Amino acid sequence: MAKPKRRYVCQACGSVTHRWQGQCADCGEWNTLAEEAPETVFSQKHDLSGGGRKIAFEPLDAPGQQLVRRSTGIAEFDRALGGGLVPGSAVLMGGDPGIGKSTLLLQAAAQIARNGGEVVYISGEEAAGQVRLRAERLGLADAPIRLAAATSVRDILTTLGGMAPPALLVIDSIQTMHSDQIEGAPGTVSQVRASAFELIRYAKECGTALVLVGHVTKDGSIAGPRVLEHMVDVVMSFEGERSHQYRILRNLKNRFGPVDEIGVFAMAGQGLTEVGNPSLLFLSGRENPVPGSAVFPAMEGTRPVLVEIQALIVRLASGATPRRAVVGWDSGRMAMLLAVLEARCGLNFSSCEVYLNVAGGYRLSDPAADLAVAAALVSALADRPLPGDAVWFGEVSLAGEVRPVAHGAIRLKESAKLGFAKAYGPGDAASSGKGFNEVSLLRNLVDRVMGGT
């Protein structure tokens, strides 16, 4: 029998090589290749073209059992999920350490258990006593949750097989789970993949809603093989800065509902509390208008959220190298916007340091924020405050045109609800409400700000 070849698996991307090297050739990470036992080549011993059982095909219009979502008891959590937990679904939740993933899941598990649902909470990182202490601090110690500290997938599935399938199964976290069918330490690519597969198969067969907590890498992506995100039905990211009280639960993938929905929470002494109107949270402290401040109605899924964009321009002495710093927005897009302002509008930022910040630690990816950022930059450069009751939205092209954006009417409606009487944007939204001012060219915006109108 031929000697099996050694195989080295990258712990960052899952690529396989038969020779160790310091840097992974696929993802470029250093010192991530780890030796793992070779898998049995099943196809060399068996012919899979025969000997199996025939599968039955079903038409698309065949009647089936209607899946009823189960509410978590937390409205913002349900919003991010698309309406609640679907029986038999697998949810993967990632986030920075200490951001509040376990706290949120413990609160949701307690609500479901108090409403009569069977809940199993498996902790692989903390002892049962530590989870119990957190539950006491949150006032959830009386919730009938089945709690255990275990890392063996075989032990977990054997225990679950001897009882009625629970409504919710929480695994905290998948990187600590270990399957004895695969050689390797917990957290390796093969272990994470095998453990998740067994748990997801149990959830699909028994109709249990499964929530897997995942670690994240230094760049914020979920650790482990990328196939893990393909295996689950829902991928969620719990975001926020530790220096700020708010947390955002963002939906990145959802097979049962809309993507890009968010749930907003605030960290308090009694755990995570819901923020029903996040716009008020991000716009707090704007009593006096100051130069370089613009309000942008962002869209997060189906929810409009008003955020404040702040800009600061510092003029430097001749010959000094200016600095560009961006927090909460794409630095490359700001560089493009500065170039358009210089080339199309005649403004000079070459001798100025430019600082841009999205208030509250919020992160923007909506291209409609171009006009609001441009307004903040021009306001800071001219040292003229923008109207305090105005919002700005629109995408800016390289020609200096303000392009139409999606959901203009919804943005205007939410702005008017919060007391903003004016809005500036592309012409297609002009008929969506009174108080709207059309801005078709970026040059028009500069004239308005410089003229103080």
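The values are calculated or read from the model by the stated rules, or taken from the named source; none is laboratory data. As the structure is a prediction and not an experimental result, all values here were calculated from the model. Cβ: placed from backbone, ideal geometry, glycine included. Neighbour counts: every protein chain shown. Heavy atoms of the whole protein, side chains included, go into the accessibility calculation; ligands, DNA and RNA do not. Shrake-Rupley method; radii C 1.70, N 1.55, O 1.52, S 1.80 Å.
Overview of results
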read-out: Gyration tensor (Cα) of segment 244-321, equivalent ellipsoid semi-axes in angstrom; value: 32, 18, 13
read-out: Amide H contacts of residue 125 (H built 1.01 Å from N, under 5 Å, at least 5 apart or other chain); value: 173
read-out: Computed accessible area, residue 407, all protein chains, 1.4 angstrom probe, square angstrom; value: 100
read-out: Spin-label pair residue 136/residue 60, simplified geometry with 7 Å Cα→Cβ offset, distance in nm; value: 5.6
read-out: With Cα atoms, 0 to 90° folded angle of helix 408-417 axis to the chain main axis; value: 80
read-out: Charge dipole of the chain about the Cα centre (unit charges at C-beta), most positive-ward option of 86, 28, 203; value: 28
read-out: Residues with amide H under 5 Å from that of residue 403, placed H, sequence gap 5 or more; value: 395, 396, 397
read-out: Rough spin-label spacing in nm, given labels placed 7 Å along Cα→Cβ, for residue 384 and residue 31; value: 5.6
read-out: Options [x] 29.1; [y] 22.3; [z] 20.1 - which one matches mean projected area of the Cα convex hull in nm² as calculated here; value: [x]
read-out: Net charge dipole size for segment 210-302 [Lys, Arg +1 and Asp, Glu -1 on Cβ; Debye, nearest 20]; value: 180
read-out: Considering only the chain, percent of DSSP beta bridges that pair antiparallel, nearest 5; value: 55
read-out: Relative contact order [Cα under 8 Å, 6+ residues apart], the chain, whole percent; value: 12
read-out: Residue 219/residue 399 FRET efficiency (R0 45 Å; Cβ-Cβ; nearest 0.05); value: 0.85
read-out: Estimated distance in nm for a label pair at residue 227 and residue 198, the labels positioned 7 Å out from Cα along Cα-to-Cβ; value: 1.6
read-out: Semi-axis lengths, Å, segment 267-359, gyration tensor of Cα atoms, sqrt of 5 times eigenvalues; value: 32, 15, 13
read-out: Net lengthening on full extension, residue 244/residue 444 (0.36 nm per residue, minus Cα-Cα); value: 68.4 nm
read-out: With Cα atoms, 0 to 90° folded angle of helix 331-345 axis to the chain main axis; value: 20
read-out: Nearest-20 debye value, segment 169-270 charge dipole, Cβ charges on Lys, Arg, Asp, Glu; value: 140
read-out: Under DSSP loop assignment and at most 16 Cβ neighbours within 10 Å, longest GluC sites (Glu not before Pro)-free interval of the chain; value: 288-453
read-out: Structure-based [θ]222 nm, the chain - -39500 (n - 2.57) summed over DSSP H runs of at least 4, per residue, nearest 500; value: -7500 deg cm²/dmol
read-out: Cysteines in the chain that, by Cβ-Cβ distance, have no pairing candidate under 4.7 Å; value: 206, 345, 352
read-out: Sites matching trypsin sites (Lys or Arg not before Pro) across segment 322-400 that sit in DSSP coil, with at most 11 neighbouring C-beta atoms within 10 Å; value: 323
read-out: Crossing angle, helix 189-206 versus the chain [Cα axis fit, 0-90 degrees, rounded to tens]; value: 80
